[in-house]
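J.: Would you mind keeping the following structure in view while I ask a few things?
The values are calculated or read from the model by the stated rules, or taken from the named source; none is laboratory data. No experiment lies behind these values; they were computed from the predicted model shown. All Cβ positions, even for glycine, are placed from backbone atoms using ideal geometry, and neighbour counts span all protein chains on display.
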Amino acid sequence: MDSFEEEENDGGASFRRYRTIDLVIWTIIAVVIEVVVTLAANKWFPHEIYCLSTTIAVTSIVMMRWNGFAAIQAVAGGFAYSVVLTGFDVEKIAVYCVGNCFMLLGLLMFKFVDKEKIRKTWWLTGIYAVLMFVLAQVGRWAVSLIFGGSAASILGYFVSDPITLLFTVIVVLISRVPDGLFEDQKHYIIRTDSERKRADGENYL
């Protein structure tokens, strides 16, 4: 009994370590890519009204992997984007960091549609990606209202970001291809462990 409990506790600790490492890696990815893309866009297309943010795509993938822990990437990516874009402007930082957290409402989709069905069905994956984009834009707009923004400005958030929408949908759809990338990680570990045991059993026979 004691050994079983130790094994369970050790397994839980290993899973938490895996989750922590994975979230750190995704946070670094979110920040680095956002900074590079934003700097490049400002340098090459300084006068364009259109912008590209990679945070929504990254957050969408992480939310599928770790649910609400995706708030980390949403905030980190929003912070990187706003600082590179406008410097340490408190309003912009709040708009993008807090506004991005509205994407967590996307968790409600998992209450009505099974994650595995979303992962395996391309059009559900597309709807999920679009939903995340809409939630981020609405969130940014809602936070901007606190700072005196106009209700009509919501159009500006959508009009200036079609490239981000396209990028998000394409990246999230592509993320379905590598095994385990766009998948709940508890499910992924259980699935791969089951497949390994089944393969070992077949080899033994």
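J.: Among the candidates Glu202, Glu116, single out the residue that is of a type in the set (Asp, Glu), over 26 Å from Phe79 (Cα atoms) and modelled with pLDDT under 95. Let's see the steps before the verdict.
T.: On the way: Glu116 fails: modelled with pLDDT under 95.
Result: Glu202 is the single residue among Glu202, Glu116 that is of a type in the set (Asp, Glu), over 26 Å from Phe79 (Cα atoms) and modelled with pLDDT under 95.
J.: Got a sec? Which of Ile93, Ile118 is out of contact with any Pro (no Cβ under 6 Å at 6 or more places or on another chain) and under 22 Å from Tyr188 (Cα atoms)? First the steps, then the outcome.
T.: Working: Ile93 fails: under 22 Å from Tyr188 (Cα atoms).
Going through Ile93, Ile118 in turn, the sole match is Ile118.
J.: Within the set of pairs 6 or more residues apart or between chains, which connect a residue that is of a type in the set (A, V, I, L, M) inside the range 143-164 to a residue that is outside any helix (DSSP H, G or I) with Cβ atoms less than 6 Å apart?
T.: Ile163/Tyr50; Ile163/Leu52
J.: For the range 34-84, which residues satisfy the criterion of being among the β-branched types (Val, Ile, Thr) and farther than 27 Å from Phe110 by Cα?
T.: Initial filter on the range 34-84 (among the β-branched types (Val, Ile, Thr)): 35-38, 49, 54-56, 58-59, 61-62, 72, 75, 83-84.
Correct list: Val35, Val36, Val37, Thr38, Ile49, Val83, Val84.
J.: Does any residue of the range 88-104 turn out to be under 15 Å from the mean Cα position of the chain (by Cα) and under 11 Å from Ser60 (Cβ atoms)?
T.: Pass one, the range 88-104, residues under 15 Å from the mean Cα position of the chain (by Cα): 96-104.
Among the residues that remain, those that are also under 11 Å from Ser60 (Cβ atoms) are: 103.
Yes.
J.: Next question. Count, please, the residues in the range 58-114 that happen to be on the phi > 0 side of the Ramachandran plot and in contact (Cβ under 8 Å) with a residue 12 or more places away in the chain.
T.: Filtering the range 58-114 down to residues on the phi > 0 side of the Ramachandran plot leaves 67, 87.
Next, only the ones that are in contact (Cβ under 8 Å) with a residue 12 or more places away in the chain stay: 67.
Residues flagged as on the phi > 0 side of the Ramachandran plot and in contact (Cβ under 8 Å) with a residue 12 or more places away in the chain within the range 58-114 amount to 1.
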